[in-house]
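Written out below as structure tokens is the structure these notes cover.
The values are calculated or read from the model by the stated rules, or taken from the named source; none is laboratory data. Nothing here was measured: the structure is a model prediction, and the numbers come from that model. FYI the Cβ positions are ideal-geometry reconstructions off the backbone, even for glycines, and counts take in every protein chain you see. SASA here: full protein model, heavy atoms, side chains in, ligands and nucleic acids out. Shrake-Rupley method; radii C 1.70, N 1.55, O 1.52, S 1.80 Å.
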Amino acid sequence: MASTTTSLTVRTIPPRCVLNANTNPPTKQAAAALPGRRQLISLVTATTVLKALDMPSKAADIGLFGLRKKLKKVEEEAEELVKEGFEAADKGIAAAEKGIEAAEKGLVTAEKGIEAAEEKIESTVSFGGLAQAGAVAGAEFVGVLVAGAVVNGILGPEPQKS
């Protein structure tokens, strides 16, 4: 394997003499080490990498990687909707129970009405024993008359042809 190394060469600037207004003898400035263009690129890249390693990533702020944050919001909204659904279902069950109770009361009232109607019908239709016997005898008499008429109509004299 080949390994690459970056070597930084430093250029030095020769010291200059600077005259200060306050001091009589000239003072020398220290030499400054300045890297070249190629070394600056390496330094910028290295500092960017180091800076990126130090900072915590905030991928949620990036549109593509913000899906996790959006997913959390959607999950929270879904939980809220489910809670509302359960509350609505509970209210619906309570209303249904009240409706069932009202229907049961209506059935009880209807049963009482049917029983009252049955009693009225029984009292209207019921005869005494003698009255019932008379009704049966009358029905038999009417049956005998109808049967005699039918038999006489069938067996009666045939019409004459002229």
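Would you say E118 is part of a helix (DSSP H, G or I), within 32 Å of the chain's Cα centre (by Cα) and either modelled with pLDDT of 85 or more or surrounded by 10 or more Cβ atoms within 10 Å (Cβ to Cβ) (or both)?
no
Among the residues of segment 128-154, what is the count of those that are modelled with pLDDT under 75 and of a type in the set (A, V, I, L, M, F, W, C)?
Result for segment 128-154: 0.
Go through S57, S42 for me and flag whichever is open to solvent by 90 Å² or more (accessible area, probe 1.4 Å) and either at pLDDT below 85 or touching a strand residue (DSSP E or B) at 6+ places or on another chain (Cβ under 6 Å) (or both).
S57
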